[in-house]
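Only one structure is covered here, and it is reproduced in the block below.
The values are calculated or read from the model by the stated rules, or taken from the named source; none is laboratory data. Note that the structure is predicted; figures quoted are calculated from it, not measured. Here the Cβ positions follow ideal geometry from the backbone for every residue, glycine too, while neighbour counts run over all protein chains shown. Only protein heavy atoms, including side chains, enter the accessible area calculation; ligands, DNA and RNA are left aside. Shrake-Rupley method; radii C 1.70, N 1.55, O 1.52, S 1.80 Å.
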Amino acid sequence: MILNNLKLGVEVVGAHNLLPKDGQGSSSSFVELYFDGQRFRTTIKEKDLSPVWNEAFYFNISDPSNLHMLALDAYVYNNIRATQSRSFLGKITINGTSFVPYSDAVVLHYPLEKRSIFSCVRGELGLKVYVIDDPSIKSSTPISAANDTHVHSHSAQTPAPKIPRSEVRHTFHHLPNPNHPQQQQQQQQAPAVPVPHQGARYMPDEMKVPEPQPPPQLVRMQSATMSQPVDYALKETSPFLGGGRVVGGRVIRTDRMSGCTYDLVEKMHFLFVRVVKARELPAMDITGSVDPYVEVRIGNYKGITKHIEKNQNPMWNVVFAFSRERMQASVLEVVVKDKDLVKDDFVGLCRFDLNEVPMRVPPDSPLAPEWYRLADKKGEKIKGELMLAVWIGTQADEAYPDAWHSDAALSVDTAASTLIRSKVYHAPRLWYVRVNVVEAQDLVPTEKTRFPDTYVKAQIGNQVLKTKPVQARTFNPLWNEDLLFVAAEPFEDNLVLTVEDRVAPGKDEIIGRVIIPLSMVEKRADDKMIHSRWFNLEKPVAVDIDQLKKEKFSSRLHLRVCLDGGYHVLDESTHYSSDLRPTAKQLWRPPIGVLELGVLNAVGLHPMKTRDGKGTSDTYCVAKYGHKWVRTRTIVDNLCPKYNEQYTWEVFDPATVLTVGVFDNSQLGEKGSNGTKDLKVGKVRIRISTLETGRVYTHSYPLLVLHPTGVKKMGELHLAIRFTCTSFANMLYKYSRPLLPKMHYVRPFTVMQLDMLRHQAVNIVAMRLGRAEPPLRKEVVEYMSDVDSHLWSMRRSKANFFRLMSIFTGLFAAGKWFGDICMWKNPITTVLVHVLFLMLVSFPELILPTVFLYMFLIGVWNYRYRPRYPPHMNTKLSQAESVHPDELDEEFDTFPTSRSPELVRMRYDRLRSVAGRIQTVVGDVATQGERLQSLLSWRDPRATALFVTFCLIAALVLYVTPFQVIAALIGIYMMRHPRFRHRLPSVPINFFRRLPARTDSML
C-alpha cells in the first residue's frame, strides 16, 4: 500500500429500532463519527426510528503504523430543532485491529451501547468500515468548532471504489534479516522470550560448528491415568536444542550463546553448492555444440542438474545441500558433462577442499558466486568457466527451503525433488452460501395441458441440492426453502439454479436456468435480512426465434442469496477444531498467544515399503493448526529421520487442537504415481489449553495406528512445543465467551446440515491443497481432519460407554460410603458424620460455604498432582487392545458394507448410521462429565485457577450473606423476564464448554 494515500472509509448504512426521543413516538436522528482527531456528521432523518443514510466518509490516517492503536467512535443523536440541541441515542466503538481492506469489508450491524449507567438506548447501527489506498479518493471535510452548532451533512459523494481482485495485496511476514546491523542490534535488545512472526522458520544466531553433543537424555516415562503398556506411553526427554538443554520444560544454557528466538530444534550444518551458470563451454558434438549438465559429488552423494540442449552458455541456478554429519569425503567435485545417447562425455570439473570452504556467520550476507576455470581430470585448466558459490550453513539459510537435499533424496532425481521439499500451505477461507428459494412466477412448462410439478436444483461446483417438489394449481409455485453450500475464496464457481418439471417418474424436464457468479453475491456478518431479487429464467436450449416473438419467455425466480460470514465453517471434527473464528475478518479478535512447534525427529519407524530387498520408509510430517498447514521435507530411505524444522502459529483461542501427522511418501521412484496413496504412519493431537505458558515440552510421542489386525505402534515422534501468551487478560476473557461465533446460536444448523457441510468443506480444502506444489494429497487432508470420526464403530461405542461409566464411579463410591455410614461399619466415622449433619441442619447458611470451601481445598490439594505433560492417545481408553477381530472387521468394512446380500446390507447400513448417532450422544454426555472432573484436576491450569479462585470468593461471600438473600436472588434470576435473557450462552456455560475433556486421548 502507498501509505501517503491510506484512508479509513466508513459507510453509514442505516439504523434500526432507535429509541423515540421527541415526545411523539419518533426521533430525528443523525450520526457523528470521530477518528484520529477528525469528526464527520451525516444528514438528519426526520421522524424515522429506522433511518437509512447510505453516506460514505473518508478519514485521513496520519500514522498508518499506529492504526491498531486508534479507534472509530460513532454517536447517534436526536436533533431537537426547537432548541438547536441534541439528545443521546447510543454509541459504538470499533478498535483499529478490526479494520480490514476494502475487498474483505461487509456491512455489520452493531448494537448501540450506553454512554453511562443512566443512559437508555436500544437499536443497532449498520456500518461498513475498511482501509483503502486509492489516491483518487479525497478525504471528507471535517467539522470545525465554528460550525459545530449547525447540523448538516459532510458526507463525501465519492462512491465506494471497486478494487479489482488483481490489485488486492496480501501482506506476508518474513523473518528479520540477521545480516542487517540495525536489526541485529534490535534482536540483541529483544526480551528473553520474543514473539516470532507467523510462518517463521528456524534461524539460529550463531553458525559456528558446535562440539559433538551427547544424545538426548531420557528423563522419565509418562503414562495416562488409565494404565496402558509402557511402550505406548509418552516419554519426556531432555534434548540439546538450539537454545541449550531442556530440563523440566526450562531451557538451560550450556554455552555462552545469546538467547535466540528459534531455539526449539537442533542445529544441522549443511554444505551448500549453488550452481549458477557456465560460459564458453567447449563444443563436444559433431554439430559443434554441447548439451551440458552439472554433477555435484562428495563421497557417495551426488546431485545432478537438468541438461540444457545445444547451449555453450547455460544457466541453471540450482542449490544443492549436503548434510555435514553424513559426509565421508574431504573433497567436493563439481563436474560438467555433455548429455549423450550412449555415454555422457566429460567436459570439465572444479575441485574444492572442504577445509577451505567458508562458513556463513551472521551478519554476513549471502555468499557471492564466483567464476571458476574448468580443469580436466589431471587438474590442468581448459576452456570454459563455471559460476559457483560454496559455503557451509544451517537450516536457517535462505537457500535451505528450495535446495536439493542429499539426506532427503538419496535415491530421487533432481526433477522429482520438488515432491520432497518442506512447504507452508494456507487453506482457503471458506464461506457458507445461503440460498433462499422463495417462489417462481409465470412458469412455461412443455405441456400446456397440466400444471407443473416443479422443484429447484441448485449447484455450486460438485455440490448439488434440491428443494421439495411443489404440485401447485398455478404456474407460480412457492417453496420458501433454504439451501446451504460451502464456497472458498477466490470465488471461481457460479451458483447455477435450475427449475425442473417432473413430468413422469424418473423423467424431469428443465423449464429455465439462472447463473449467478459467487463473486457478485452479497456478504453479511450477522443475521440481518438479505434483500430478495427477481432473476429472469433463461431457456436451457436454443428455441425458434419466430416462436419467441409469439410467446415472450418471461419466467422469473425469486431468491435471497448471501455469503454468511458470521459462522465458522467447520472443516474438521468438532472435537479437534484448530480454529473457531468466523469467516468475516471484522469479527476476528486479536491473538492471545503464539504456538511454536519444533519437529525434531522420528525413531523406530515401521518399514512401509521394500527397496533393494530391505524394508524402508520415505517419511514426512504434516502439522495443521487454523488455516496454516506445514509440511516438512521428506527424508528418503531412513527409519530414524531427523527433520529439525520449526514453525509458528498465532493462537486465537486456547480451546483448539494442534494436529501433527506422519506419512510415507508413495510418489517417489518408478512405482510412484498419482494413483498411489501416501500411507499414514500415525498422528499426535495436542490441545493448547493443556499447555502451561512459556514451558517447553519435549516429549517423544508414540505413533499409534489401528489396523484390521489390531493396534500397532509405528514408531515415535519427537516434538518440542512452546505456547507463549501475549495477552493474559484476553486469554482469560476467552473463557467467558461462546465457543463458536454468535450466528451458530442465533441461527443454528441441524446435525444433518453440519455433517453435509463439513463433508463439502473437507473436499474443497483437499482439492485446493492438492493443487499446490508439492501437492498435499487428499488422503493426508482427510486423515488430519478425522473425516470418518462420525461413522459407526463397535469399539468407539464401547469406549464411550466406559467413559460414561467412569464418570459415575465417584457417585457410586459416594453411595457405597454412605451405605457404610448407615450400616455403622465404622462407628467413629458415623458419629462424626452425624455431628456434621446436625450442625449443617442447625445452621443451613453454612452449607454452601462448606461445599465451595471443600472444592477449593480439593483443587489446592490436586495442584501437587497436576499433569505435567499433554494428553496423548490411550489404547485402553479407546478399547483398542481388547477389541474382538469381528468388531475390527466391522470397523474397517466399507460403507456401505460388502459382506452380505442386498437386504442384510441395507439393514446393516441403517444400523451403523443410527448407532453412530447414539455413539455421538454417549460421547457428548461423557464429555460433559469429564469437563466437570477437569474443573479441579488442573488439566487446564488457567481454568482450574479461575474456578478455585471463584470457589474461595464464593465461600467468603456466601459466609457473610444470609442464605435467604442468596436463595431469593437465585430464584428471581431463574424466573427473570424473557426481555432480560440473552440469546447467547451465559458466562458459566461458556466457561464450562471450554474445559478440556478426554476426547484428545481417543484413537
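Just a few scattered comments:
- Förster-model FRET efficiency, 25 Å R0, Glu447 and Glu481, C-beta, rounded to 0.05: 0.50
- For the stretch 824-936, the share of accessible area belonging to carbon and sulfur comes to 70 percent (1.4 Å probe, ligands and nucleic acids excluded).
- Comparing Val433, Cys951, Ala368 along the charge dipole axis of the chain, the residue lying farthest to the positive side is Cys951, per the Cβ-charge model.
- Taken over the alpha carbons of the stretch 1-90 as equal point scatterers, the Debye sum produces base-10 log I(q)/I(0) values at 0.12, 0.13, 0.16 Å⁻¹ of -0.43, -0.50, -0.68.
- Excluding ligands, DNA and RNA, the accessible surface per residue across the stretch 880-1003 is 60 Å² with a 1.4 Å probe.
- For the stretch 852-916, the fraction of alpha-carbon pairs in successive 10 Å shells from zero, as %: 16, 26, 19, 14, 16, 8, 1
- Within the accessible area of the stretch 656-731 (1.4 Å probe), percent carbon and sulfur: 51
- Normalising the average separation of contacting C-alpha pairs (under 8 angstrom, six or more residues apart) by the number of residues puts the relative contact order of the chain at 9 percent.
- All Cα-Cα separations within the stretch 531-660 were binned at 5 Å from zero, giving a P(r) of 2, 8, 12, 11, 10, 9, 8, 7, 7, 6, 6, 6, 5, 3, 2, 1, each value a whole percent of the pairs.
- Heavy-atom accessible surface of the stretch 314-401: percent carbon and sulfur, 1.4 Å: 49
- For Glu773 and Ser519, the FRET efficiency from 1/(1 + (r/R0)^6), where r spans their Cβ atoms and R0 equals 25 Å, is about 0.50.
- Span-rule helices in the chain, defined as complete DSSP H runs reaching 18 Å or more along the axis (Cα) with Kyte mean at least 1.6: 827-842, 847-862, 941-960
- Our estimate of slack between Glu309 and Ala814, defined as 0.36 nm per intervening residue step minus the Cα-Cα distance, is 173.4 nm.
- For the stretch 423-570, alpha-carbon Rg and Dmax in angstrom: 17.1, 63
- Residues of the stretch 455-508: accessible area per residue with a 1.4 Å probe, Å²: 51
- Cα gyration tensor category, rounded, prolate or oblate, for the stretch 349-389 with a/c compared to 1.5: oblate
- Candidates Phe812, Trp649, Ile44 compared by Cα position along the dipole of the chain: farthest toward the positive end lies Phe812, with charges placed on Cβ.
- If R0 equals 25 Å, the separation of the Cβ atoms of Leu832 and Thr961 corresponds to a calculated FRET efficiency of about 0.35.
- Note, ³J(HN,Hα) from phi for the stretch 74-86, Karplus 6.51, -1.76, 1.60, rounded to Hz, x at Gly and Pro: 10, 10, 9, 10, 9, 7, 9, 5, 5, 9, 6, 10, 8
- Karplus-derived HN-Hα couplings along the stretch 333-343 (A = 6.51, B = -1.76, C = 1.60, θ = phi - 60°), whole Hz, x at Gly and Pro: 10, 10, 10, 9, 10, 10, 5, 9, 5, 9, 9
- Principal axis extents of the C-alpha atoms in the stretch 326-483 (largest first, rounded to whole Å): 98, 46, 26.
- Rg to Rh, two decimals, where the chain supplies the alpha carbon set and Rh follows Kirkwood: 1.01
- Probe 1.4 Å, accessible area per residue of the stretch 574-616, Å²: 39
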